[in-house]
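Coordinate-derived values only; no laboratory data. Computed from a predicted structure; not experimentally measured. When we count neighbours, we look across all protein chains shown, and the Cβ atoms used for this are built from the backbone with ideal geometry, even at glycine.
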Amino acid sequence: MVAPSVASESPELPARRQRLSGPVLVRAALAVAGGVLTYLSFPPRPLWFLAPVGFALLAAVIFNRRARAGFGYGVLFGLGFMVPLLRWTGEFVGLIAWLPLALACALMISIGTTAMAAISRVPGWPVWAACLWVAVEALRAVFPFGGFTWGKIAFGQPEGWYLPLASVGGAPLVSFAVVLTGFGLFWLWRNWKLGVPLVVVPLLIGFAVPVGVDASAGTVTVAAIQGNVPRAGLDFNAQRRAVLDNHARRTMQLAADVAAGKVQQPDIVIWPENSSDIDPFRNADAAAVINAAADAIKAPIAVGAVVVDRGDGLPRNTVVLWEPGKGATDRYTKRKLQPFGETMPWRSFFRLFTSTVDRAGVFQPGSDPDGFVMGPAKVAIDTCYEVAFDSVVRDSVTTGATIIAIPTNNATFGFTEMTYQQLSMSRVRAVEHGRVVVVAATSGVSALVQPDGSVTRKTGLFEPGALVATVPLRSQTTLATWLGAWPEWVLTAAGLVALAYAFTRRRKDSNGAAA
């Protein structure tokens, strides 16, 4: 038999291909739109309700599709979500950091959407698909380079009805509830009797969960100092002494206001990360400036400092407890370091492509989660990037902390949305662990967050300020703190079991057809 030539191809085939390409393009557009809507649900916009709509669109394009289609649409959804969300990463270094990172996160998301498409025929699909989303977030927390959790769905919900769920099952349960609601919205179109509970139940449970705010361990008057930096950008550290002087000056101004009766006398003072990039243990002039500030305010100060270890000569991102009349009495060393900033993974490999990798630091991580005893408070310290990691914050709280401090430095990222995204993480942590969170930033936004996630005081960007308030100390252990990673493990396991069931069922169907 002679094979048909190209010229003999049926005239119906091109028309058929056009009919098929149309729906594919529509689904691709819906996938991107779903990602963009999910991005728009994140702070600084209070549009938390857009996240379920975004996931409803994702469900519409991956349900009952082949796994490879789930992968492709997942990449598009991930790019629509991550490209605008991570715009801040390229503020001063350009596309070389921003777009590859967004693509890497999108590819991680596509792993989950591939699995979601593969389990389309498993009964209860929306539940198991939401579990698989939690599994992907768990994977992104550890891989690659120690994990990058930015864009965890829970972190976009500080204004939403789902937030109280953080006190029950932490950030993973919040993410699960949001995604389940979105998939439930899609399910309404297929079967409204099953779809309604999927939409309504997570919202009602989140709305009904009580969040404690009582001062069970007393109160403390706290001051968060924002001294500001000379200028935004990667070179703000070029004027390290100016940054230190700014924070000391703003603290002394606060001391003058206290003496004049304008504000309360603080029991404890929190300075930001990098408020003293001059090592006070090696530079007597820096130590003298901090001493003067502590003596003036008459309260212990948690000072974010870069400290060079006398043993190996390598730097540590450290918070130093500085007490009036005593000087440095304790230290906390940042345990979760930022890759491609404080550290450089695979430095020798990446140096083959560019020498700029040597701009990344050689900081060494700490290992002790214990914070400080400051006046009446036991303060958990979680420095900047650490607030994004569930286990890091939990470990610091379980040392007996009655309040959480987040010293941070966002000056590198200018006026981008990064600082608002990070503040939303702090709000989730406040509810998750039932503690006041004090955010002290070099250039903003500094804030005082109550145990219910509400922000009672905050500063603007790139302006000096001091936030002073009496806040509750709390010793209760929330269910989320007690359970730790168990909700995430259980949800992840449920998703993987559904995936294994789908493969087993498909194999049985194939064997039956072959027989």
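With a cut-off of 14 Å between beta carbons, the residues surrounding A259 carry a summed charge of 0, where Lys and Arg count +1 and Asp and Glu -1.
Net charge of the neighbourhood of L173, taken over other residues with C-beta under 13 Å away and scored Lys/Arg +1, Asp/Glu -1, is -3. The residue list S396, V379, T412 was ranked by how far each Cα lies along the charge dipole of segment 360-486 toward its positive end, using unit charges on Cβ atoms, and V379 comes out on top. Think of each Lys and Arg Cβ as +1 and each Asp and Glu Cβ as -1; about the Cα centre, that makes the dipole of the chain roughly 1640 debye. Counting charges near W486 (Lys, Arg +1; Asp, Glu -1) among other residues having Cβ under 14 Å from its Cβ returns a value of -2.
Here the translational diffusion coefficient of segment 239-321 follows from Stokes-Einstein with Rh set to the Kirkwood radius across Cα pairs; for 4 °C and 1.567 mPa s it amounts to 99 µm²/s.
Dipole orientation for segment 433-515: of the candidates W482, A441, A500, A500 has the Cα lying most toward the positive pole (charges on Cβ; Lys, Arg +1; Asp, Glu -1). Beyond 21 Å in Cα-Cα separation lie the following of the pairs K298/K378; K298/K458; K326/K378; K298/K326; K152/K336; K262/K458: K298/K458.
Taking the Cα centre of segment 219-479 as origin and assigning +1 to Lys and Arg Cβ atoms and -1 to Asp and Glu Cβ atoms, the resulting dipole is close to 140 debye. Think of the chain as a dipole: +1 on every Lys or Arg Cβ, -1 on every Asp or Glu Cβ, centred on the Cα centre; then among A31, Y332, G453, A31 lies furthest on the positive end.
How many angstrom lie between the Cα centre of segment 350-423 and the Cα centre of segment 143-220? First find each Cα centre; the distance between them is then 24 Å.
Annotation: the antiparallel percentage among DSSP beta bridges lying fully within segment 219-479 is about 65. Across segment 405-501, Cα pairs under 8 Å and at least six residues apart give a relative contact order of 22 percent.
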